[in-house]
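Taking it in order: structure first as C-alpha cells, then the write-up.
Every number here is computed from the coordinates shown, using simple stated rules; none is lab data. Keep in mind the model is a prediction, meaning the values are calculated, not measured. Glycine gets a Cβ as well: all are built from the backbone with ideal geometry, and neighbour counts include every protein chain shown.
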Amino acid sequence: MRHLMSPLDFSVDELDRLLNLASDIEKHPQKYAHACDGKKLATCFYEPSTRTRLSFEAAMLNLGGSVLGFSSADSSSASKGESVSDTIRVISCYADICAMRHPKEGAPLVASLKSQIPVINAGDGGHQHPTQTLTDLLTIRSLHGELGNLTIGLCGDLKFGRTVHSLIHALIRYPGIRFILISPEELRIPSYLREDVLAANNIPFTELERLEDAMPELDILYMTRVQKERFFNEEDYVRLKNYYILTTEKMELAKKDMLVLHPLPRVNEISVEVDDDPRAAYFKQAQYGVYVRMALILTLLEIDVNAL
Amino acid sequence: MLNISGIHEGFVLDHIQAGMSLQIYHDLKLDKLDCTVAIIKNAKSSKMGKKDILKVECPVEALDLDILGFIDHNITVNVIKNDKIVEKKILHLPRQVKNVISCKNPRCITSIEQELDQIFLLTDEEHEIYRCRYCEEKYRNPNRR
C-alpha cells in the first residue's frame, strides 16, 4: 500500500504513468465512470479548503465512488482531543482511501504510519501540497506539450510559497528547464533552494525584480500572490506592488503561446481582463486538478485500469 | 594530579569536548544505571587543549552508542574487558535519532501531539544535518567540530 506525502514520492517514470493516466481520463472520461464503484473516499480536512476538498470529491464522484468526511477540525473528533493516529484508525474502517489536510506539518505522515488505507496529503501547513504540484505538472505537460525544454517564470512570493518550492523540486528532474525568478528582494527563494537545489544541480536561473523584463522569454508564467504584510516597509511595497500584477499590457510583451498558471485563489495579481486571453490557463488548471486526482485515486487504490 | 583507578569492565569515553561530559552523562542515561561513573572535566589534552573524559563501569551492551555518535562522533570509545582495552569503537552519525532532541517548529504536528516519538533523520551527512521526520525542520548539531 502506498501513500502520497510529497510530489517527490513518485519517480519520474511513475509520474509519467500517472500523468498519462490523467490525460487518458481527460480524453475518455466515460471509460473511468465506474472504476471506483463501491469505493469510498474520506476527506479529512482539519482546516477549510473548499477548492482542494471539492476537487477531491469531484474526482471520486467522477470515478463512480462516494465521499464522506469533515471540513473543519471543529466538526471532527479532534475538537474532543482525539489524535490524528486514532482518527485515521477509525476512518480506515469506514473508507477505502483518505485525503487529509491539516494545519500542522507532518500530520498526514503521522496518519499514514497508522493507516490501513492509502493516505493522500492534501496540504499540511506550509510544508507540502503534492496534489497541487501534480496539477501544475499535468497542466504544463498537457498545454505546453512536454515537461522539459522550457523557460518558466515564477512570480510573486517565492520565499514563503510552498507551491513554488514544490514545483521547482519537481521540474528540475526534467531536461532543459530554465527558471526566471521574479520577486522583490525580500521575497526571493530561500538560499537552500538557490544553492542546494538549483546551483547544485546546474539548473540555469535568473533572479529579477520586474515582471516586464522577464515576459518576452517565458514559455510558462506561474503567478503567486504578493501579500502586503510580507514587505518590511510600506515604501518598498508601494514601489513594487504593480510589478507583480499581470495586466493585458504586460501580456502583450509575452510569446503568443506562453501559458499563465496560478494555484488560485487569485486576489488582484492577475487582472480580470487577462482571463479572456487564450494564454490564461489557470481555470483549465483547476480542471486538470480533478483529472490528476482521479488518476492518483486509481493509482493508490491499485485499480487495474487496463481491465476497464 | 588527580588519580582515578582503572575499570574492570566498561567504557572510557575520551576526547569529549570540555564541558560536554554532564550532557553526555544525561543523554546516555547513566544516571539510571547502577554502576560506577567517573566524570573528569577539563583534563589536559595535547590535541584539544582541554577535554572531558567519562569512565563507566558497566556491561558493554548497556550503552546506546548511536546517541553518542549523534552528540559527537569525534569522541573516542575504548571498550574495557578484564582491565584491558579490547576495542576502540569508531562512532558514526546514526541514520535516525529517536527522542533525543525535540522539533522546535511550532507548526509541526509534534507540537500538539506530544505522545509522538521525536524522530530525526540524517539527510546530509557531510554537513551533519538532521531533519524532523514529520515536518522536515532542519537540526544542525551545535556540538559539530
For region A:187-308, what class follows from the C-alpha gyration tensor (a ≥ b ≥ c being the square roots of its eigenvalues): rounded when a/c is under 1.5, otherwise prolate if a/b is larger than b/c, else oblate?
prolate
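Highest mean first, how do A:104-114, A:215-225, B:70-80, B:45-55 rank when packing is the count of other Cβ atoms within 10 Å averaged over residues?
Numbers: A:104-114: 24.7, A:215-225: 21.2, B:70-80: 18.7, B:45-55: 16.0.
Most protected by this proxy first, the peptides run A:104-114, A:215-225, B:70-80, B:45-55.
State the percent of C-alpha pairs, over all pairs in region B:1-96, separated by a distance greater than 24 angstrom. Numbers along the way, then the final one.
Details: 613 of 4560 pairs.
The proportion of pairs with Cα distances above 24 Å equals 13 percent.
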Estimated D of region B:52-102 in µm² per second, where Rh is the Kirkwood radius over Cα pairs and Stokes-Einstein applies at 25 °C, 0.890 mPa s:
202
What is the gain in length, in nm to one decimal, between residue A:191 and residue A:256 on full extension, counting 0.36 nm per residue of separation less the C-alpha to C-alpha distance?
20.1 nm
In whole angstrom, how long is each semi-axis of the equivalent ellipsoid of region A:1-146, when you take the square root of 5 times every eigenvalue of its Cα gyration tensor and sort them from largest down?
26, 18, 14
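Within the set of other residues whose C-beta is less than 10 Å from the C-beta of residue A:259, count the net charge using Lys and Arg as +1 and Asp and Glu as -1. Please list the in-between numbers first.
Values: positive: A:255, A:279, A:284; negative: A:219, A:257.
Local charge sum for residue A:259: +1.
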Output row, site residue B:126, 7 Å Cα→C-beta label point, backbone N cut-off 18 Å, window region B:92-107, residues B:93
Cα centroid separation - region A:174-238 against region A:119-160, whole Å
15
In nm², what is the average projected area of the convex hull enclosing the Cα atoms of region B:78-122?
4.8
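Restricting everything to alpha-carbon atoms, can you work out Rg to Rh for region A:169-255 with a Kirkwood hydrodynamic radius?
With Rh from the inverse mean 1/r over Cα pairs, Rg/Rh is 0.98.
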If you find the alpha carbon centre of region B:37-101 and of region A:90-117, how far apart are they in angstrom?
41
Would you calculate the separation in nanometres between label points at residue A:12 and residue A:276, each defined as 7 Å from the Cα along the Cα-to-beta-carbon direction?
4.2
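Rounded, prolate or oblate: which one fits region A:83-191, using the alpha carbon gyration tensor with axes a ≥ b ≥ c (rounded when a/c is under 1.5, else prolate when a/b beats b/c, else oblate)?
Details: a/c = 3.56, a/b = 1.83, b/c = 1.95.
The shape class here is oblate.
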Which entries in A:40/A:104; A:104/A:228; A:114/A:228; B:29/B:84 show an alpha-carbon gap greater than 29 Å?
A:114/A:228
Förster radius 30 Å - calculated FRET efficiency between residue A:149 and residue A:210, Cβ distance, rounded to 0.05
0.75
Per 20 Å bin, what is the whole-percent P(r) computed from every C-alpha pair distance within chain A?
33, 56, 11, 0
